[in-house]
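Note sheet for the following structure.
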Amino acid sequence: MSDAYDFSERIGRVEPSATLAISNLAAEKEAEGADIVDLSVGEPDFDTPENIVEAGKDALDAGHTGYTSSNGIPELKEAIAAKLRGTGVDADADEVIVTPGGKQALYETFQTLIGEGDEVVLLDPAWVSYEAMAKLAGADLSRVDLSPHGFQLEPALDDLAETVSDDTELLVVNSPSNPTGAVFSETALEGVRDLAVEHDVAVISDEIYERIVYDAEHVSLASLDGMADRTVTINGFSKAFSMTGWRLGYLHATEEFVGQAGKLHSHSVSCAVNFVQHAGVEALENTDESVEEMRRAFADRRDLLVDLFDEHGIDVDVGDGAFYMMIPVDDDDQAWCEAAIEEASVACVPGSAFNAPGHARISYAASEERLREAVDRLVSNDLL
Ligand code: PMP
Ligand code: GLU
């Protein structure tokens, strides 16, 4: 073996995505013939709505197969700006970068704002890739734990006020939340705004689950007074439109921010896939009914799980959005998840991946039948 690959110190700071690693393991076991109930990865189990698929095919037939302008096709940037204006964000097409997935939008944001030693504040439990992206950019992480507050932000605002300071560069907010499903109240978001303004901090508002809310209302952080020129709003098509494999997302921020992040975008991905961007226009403009059907199905599944856990005396902090639930398990949640997949053939993600040990994340993007099966298996293997 040669020593030719001298791996960077930077790449050594991170591990592979835990969510994707477990779903890969579940897929491997299934390929070997095992019947795994896979509640690991956050991926809607619905087909992409037909009108979006047709729009993609039409775009291919029409020859939309070349590069597009780096930040995206004008029709999609305009549709995104119009969508943002609908949630009270004063948006313009020139303030948007269309990316291959929301993940790329987040990656570009961290790289654009964060340098070595800059402080990034995360709200725990936090989605696994925020920490990885922050570390790749060189960040020092500070964390505020929402677990003692039923995963809600409003009761944790005092803790947040103790953590955010003039030294803070960036705060990451994700509502509805992956992995808890919590939807933060408007009062909580106003609390974020007050701290961000007081300490002149930038905020990522990852709103990728905004269309999947139940008994709560989603508020776009950038719509609050004082937030327009310090928020980077992240969104994507994977969850609301069941388009995970199409890889389409975007960021919205000031034109100045877009100018800076656009450099990285143009030197890395060049642009999002051309015909996929055309399908994205259709998704934003003509898919409300399908989105609503999926939202209702997720709501029913959440309610079913709550009832099933209740029957077994398990107390869960239930969120009002996304399609995740954090359930309390053994202190060693890694070992619990290993037993869940090896003994009960149920795949879940250890809470430690989200800095919430003692929990496992369940993604209820699965049929009611499979959710019942999962709970039965966990109970009959004495895991619940
Ligand atoms: N943000 C959150 C909170 C997520 O759960 C995901 C899921 N992968 C993403 C961003 C990125 O999704 P995608 O890259 O598929 O748009
Ligand atoms: N965001 C989803 C999850 O958390 C998809 C996998 C990933 O990108 O992490 O499971």
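Here, each number is a calculation from the coordinates, and none is a lab measurement. This structure is a prediction, so every number in the text was calculated from the model and none was measured. We place every Cβ from the backbone using ideal geometry, glycine too, and count neighbours over all the protein chains shown.
Exposure proxy ranking for TRP336, TRP246, based on other Cβ atoms within 10 angstrom of each Cβ and starting from the fewest, stands as TRP336, TRP246. Candidate cross-link partners of LYS103 among the lysines, defined by an alpha-carbon separation under 16 Å and a same-chain spacing of 8 or more, comprise LYS135, LYS239.
Between PRO16, PRO100, PRO179, the residue with the greatest mean-square fluctuation in the GNM of the chain (Cα pairs under 10 Å linked by springs) is PRO16. Its Cα centre serving as origin, the chain has a Cβ charge dipole (Lys and Arg +1, Asp and Glu -1) of approximately 1060 debye.
Exposure proxy for CYS337, CYS271, CYS348: other Cβ atoms within 10 Å of each Cβ, ordered fewest to most, give CYS271, CYS337, CYS348. Please work out the C-alpha center-to-center distance from segment 41-96 to segment 138-154 and express it in whole Å. Taking the Cα centre of each part, segment 41-96 and segment 138-154 sit 32 Å apart. Projecting the alpha carbon convex hull of segment 89-223 along each direction and taking the average yields 8.0 nm².
Taken as Cα centroids, segment 214-286 and segment 101-117 sit 13 Å apart, rounded to the nearest whole angstrom. When the chain is described by a simple charge dipole with +1 on each Lys and Arg Cβ and -1 on each Asp and Glu Cβ, the residue from ALA91, VAL53, LEU371 located farthest towards its positive end is VAL53. Between the listed residues PHE323, TYR67, ALA216, the Cα displaced farthest toward the positive end of the dipole of the chain, a dipole computed from Cβ unit charges relative to the Cα centre, is found at TYR67.
For a straight C-alpha distance cut-off of 20 angstrom, no lysines are reachable from LYS29 once same-chain residues fewer than eight places away are disregarded. Only DSSP H runs of four or more residues enter the estimate; each adds -39500 (n - 2.57), and after division by the residues of the chain the mean residue ellipticity at 222 nm equals -13000 deg cm²/dmol.
Highest GNM mean-square fluctuation among LEU251, LEU171, LEU224, for the chain modelled with Cα contacts below 10 Å: LEU224. Close amide H contacts of THR99 (hydrogens built in the peptide plane, cut-off under 5 Å, sequence separation of 5 or more or a different chain): GLY249, TYR250, LEU251. The gain in end-to-end length when the SER266 to ASP6 segment is fully stretched comes to 90.9 nm, 0.36 nm per residue minus the alpha carbon separation. The residues ASP333, ASP58, when put in order of fewest to most other Cβ atoms within 10 Å, stand as ASP58, ASP333. Enclosing the Cα atoms of the chain in their convex hull gives a volume equal to 157 cubic angstrom per residue.
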